[in-house]
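Just below is one structure, and these are the notes that go with it.
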Amino acid sequence: MKVLFEPIRVGRYTLPNRLVMAPMTRSRAHPDGTPGELAADYYAQRAAIGLIVAEGTQPSDDGQGYLTTPGIYTDAHRRGWKAVTDAVHARGGHLFIQLMHAGRMSHPDNTPHHRQGVAPSAIAPDAQMFTAKGMLDIPEPRALSTAEVRQTVQDFRHAARCAVDAGADGVEIHGANGYLIQQFFAPSANTRTDEYGGSIENRTRFAIEVATAIAEEIGADRTAIRLSPGSALWGIDEGAEGPALYHHLVRELDQLGLAYLHILHHGDEALLADLRQRWSRVLILNRPGQPRDKIGSDIASGLADMEAYGQMVLANPDFVARLQTSAPLNEADSSTFFGGTAQGYTDYPTLQQA
């Protein structure tokens, strides 16, 4: 457990401990995508953790999937995020903004332009989406043209520049959880016949181009990526070639010199160990449902350099202090995860308050 609280160098930063706040959608932004008034308090309360990875943030109008998620591509977005980063830095914390393009996991009612979602191919995910009208079927997306795929790469580049201009310490590319980048990986979502479909090299091309563009724009040491090998959310099926795809992808990404690789683990221990060997810098591991008594075990075994936690950090602003003192943890209230007010957002008590 002691190693959890030791400093670690990540990209251009020295972080005070090896704990990470995983990105979690909270759906409390303004309708135009500007972070809500309480966002600065929410993140600043958790600034003692080694690294905060902020919630999935769309890089364009097309990138939005859910209601009231934040963006980072307009002047208003930059100003809103600047209030957040200033508050986190005032408490000595570090924050990366996660860039998330939802792709086909979107509904026209939720986006600023109310257009059909976009994706590698015109294949619906056979899922529903929460909207202001309630749960609705996600409609079939429109397949991006080759030129539009290349423009989307530039949208990510622009968003990364906006994030750094807003004071973020870096960005994490969301290549996991069934969103646009992983949609390119999966034959079940990508039936393209151009240079972005077919072979492993082609299906990983978009992710590598996005990472390359962002690294060129803001520096590789401020650029990171999150992957979820084997995730089967919303019709994603990476097929028998899945492990080989990630072998190739991680090898190519490693050559870019990114700050870290963040893996959301779905149970393939052999693949995880193999990717660990292929990655030469910091690896952050997020095991959903990891019990408290296992915190630190992946670092101790050498499988990870840092460990990411979601709901435990959401419910415990002083998560680090509670681990250091073996204090009890607040329980997360799932009814307040998405949308709403301060309840379940900025009102979880610290040990001192309790």
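Details
- Residue within the stretch 267-274 that is touching a helix residue (DSSP H, G or I) at 6+ places or on another chain (Cβ under 9 Å) and either more than 21 Å from residue 200 (Cβ to Cβ) or assigned to a loop (DSSP other than H, G, I, E, B) (or both) present: yes
- Yes/no for residue 243 being in contact with a Leu (Cβ under 7 Å, 6 or more places away or on another chain), more than 22 Å from residue 53 (Cα to Cα), touching a residue at least 24 places away in the same chain (Cβ under 8 Å) and not in a strand (DSSP E or B): yes
- Of the residues making up the stretch 252-288, those that are in contact with a Pro (Cβ under 9 Å, 6 or more places away or on another chain), without any contact (Cβ under 8 Å) to a residue 60 or more places away in the chain and of a type outside the set (Val, Ile, Thr) are 265, 266, 268, 270, 271, 272, 274, 275.
- Within the stretch 147-173, residues that are free of Cβ contacts under 8 Å to residues at least 60 places away in the same chain and farther than 16 Å from residue 219 by Cα have Cβ atoms under 9 Å from residues that are part of a helix (DSSP H, G or I) and among the aromatic types (Phe, Trp, Tyr) in these pairs: 149/184; 149/206, counting only partners at least 6 apart in sequence or on another chain.
- Hits in the stretch 125-146 - residues which are touching a residue at least 40 places away in the same chain (Cβ under 8 Å) and small (Gly, Ala, Ser): 127, 132, 143
- Unique residue being under 19 Å from residue 306 (Cβ atoms), out of contact with any Leu (no Cβ under 8 Å at 6 or more places or on another chain) and outside any helix (DSSP H, G or I) when the list is 48, 54: 48
- Looking across 18, 28, one residue alone is touching a strand residue (DSSP E or B) at 6+ places or on another chain (Cβ under 8 Å) and not hydroxyl-bearing (Ser, Thr, Tyr). It is 18.
Since every read-out is calculated from the coordinates, none of them should be taken as a lab result. Since the model is a prediction, treat every value here as computed from it, not as a measurement. Methodologically, a virtual Cβ is constructed for each residue, glycine included, from the backbone with ideal geometry; neighbour enumeration extends over all protein chains shown.
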